[in-house]
Amino acid sequence: MAVYNTVLELIGNTPVVKVNHLDTGPCDLFIKLESQNPGGSIKDRIGLKMIEDAEAQGLIRPGSTLVEGTAGNTGLGLALVAAQKGYRLILVIPDKMSREKISNLKAMGAEVVLTRSDVAKGHPEYYQDLAKRIARETDNAFFINQFGNPSNPKAHEELTGPEIWEQMGGELDAIVLGVGSSGTVTGLSRYFARTAPDLELILADPEGSILTRYVNEGVLSTDSGSWLVEGIGEDFLPTISDFTRVTRAYSISDRDSFQAGRELLMREGILGGSSSGTLIAAALQFCREQTEPKRVLTFACDTGNRYLSKMYNDFWMRDQGFLETEQHGDLRDLIARPYHSHDTVTIGPDEPLANAYKRMKLYDVSQLPVIADDGRLVGILDESDLLLAVADSSDRFDEPVSKAMVQELTEIAVNAPVSDLLPIFDRDFVAIVKDGDAFLGLITRVDLLNYLRRKADR
């Protein structure tokens, strides 16, 4: 096995694996694992290319500051390269990005500026416009501008395209891809126009993006929606984009994207991110529509390790309404962590308060039902109770939960109307749901808000 001089030498030459356990109709479907790049995504390719080309052109030099607006993965690719080359990096990121992705960027030394994800191009807080302004106002700064940088598609035209063609032995009928900055689609279009002009390019697009209508109808709309999938889909047409060889676009909902990504892990053992789910959903749909065998390739665009708090988190998926759950028509439908399924985070009355603190932090909850050895609910401990117990002396973390817990419980019957929750929340309590003597779980303000939003979305 070769020894590499730098992690940057590991970018590219990612493996291709055949799909074996998903329904691909008459087709063979292959996935190129861009998640195995050192920075975890296909964007490592353009991060390296854009920085090295800027160096070659004298646009950046030692001491320069790099600035970019990014949905996350381009930022990670840039952070990987910038750290190795010694550049300061400022990244402007929409606030819908996953916590893991933001933490990863900061850990790699990038300076992260969070901005609004609910505004469109032209707004001063739109991530690209803000990044451009920061670059103007920062000494010795270079605005990467992935959406208008010709080195972006060149990375795929010169490297990704030939790599795919060689790996597939020159036998490939279609590629299903997503578009963010449009570097991948533009670069592969240029390469395959010369190499395999009959090869189809198929767009996988999040619901709400304007690109599906542009490809299928030739209409460039300014009316975009919103979506939770990260890294692909657009509300404008990037200046470097070339869609002339894209023959079809599929609009994929967040729900279908996340479920396809989870199924990819469960059935094929591939841990892909949210955009990978979109591509897989579209690729499977395309394959199943075919009437004769075709060889089709798509991408695991990035690693799912950055989405563990979202698409791979059952509680988050349920809160979004993306996982089917049994509906009872009563307050059980509002309980995020049912006690009977062992999802409720609890504490024992004899455990030290230190354990309660650790459990709240680990599971990101604000209150803990206190359960006795015989399974009875005997109290509840929330953050305020814990704070009051230890504020005077940190030594009190060793005291038992029973000394700080509230024993006068605010209980509500499972068949009570939803409106009965409001007076409980008005008193700054959490609702303890019971069916007779049986404890079913807790309902918080957030649980009620999630329930109401799911109802509105139906």
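The values are calculated or read from the model by the stated rules, or taken from the named source; none is laboratory data. All figures in this text were calculated on a predicted structure; none of them were measured in a lab. All Cβ positions, glycine included, derive from the backbone under ideal geometry; neighbour counts span all protein chains shown.
Inclusion of Ser276 among residues that are modelled with pLDDT of 95 or more, surrounded by 21 or more Cβ atoms within 10 Å (Cβ to Cβ) and assigned by TED's automatic domain parsing to the domain that holds Lys32 is warranted. Restricted to region 218-257, and to residues there that are acidic (Asp, Glu) and farther than 25 Å from Glu200 by Cβ, the residue that is surrounded by the most Cβ atoms within 10 Å (Cβ to Cβ) is Glu230. You will find that of Gly63, Gly72, the residue that is in contact with a Lys or Arg (Cβ under 9 Å, 6 or more places away or on another chain), surrounded by fewer than 24 Cβ atoms within 10 Å (Cβ to Cβ), in contact (Cβ under 8 Å) with a residue 40 or more places away in the chain and on the phi > 0 side of the Ramachandran plot is Gly63 and no other.
Restricting Gly109, Gly161 to residues that are closer than 17 Å to Ile42 by Cβ and of a type in the set (Gly, Ala, Ser) narrows the list to Gly161. For region 190-225, a residue qualifies if it is outside any loop (DSSP other than H, G, I, E, B), farther than 25 Å from Gly122 by Cβ and either among the hydrophobic types (A, V, I, L, M, F, W, C) or touching a residue at least 24 places away in the same chain (Cβ under 8 Å) (or both), and the qualifying residues are Arg190, Tyr191, Phe192, Ala193, Thr195, Glu200, Leu201, Ile202, Ala204, Asn216.
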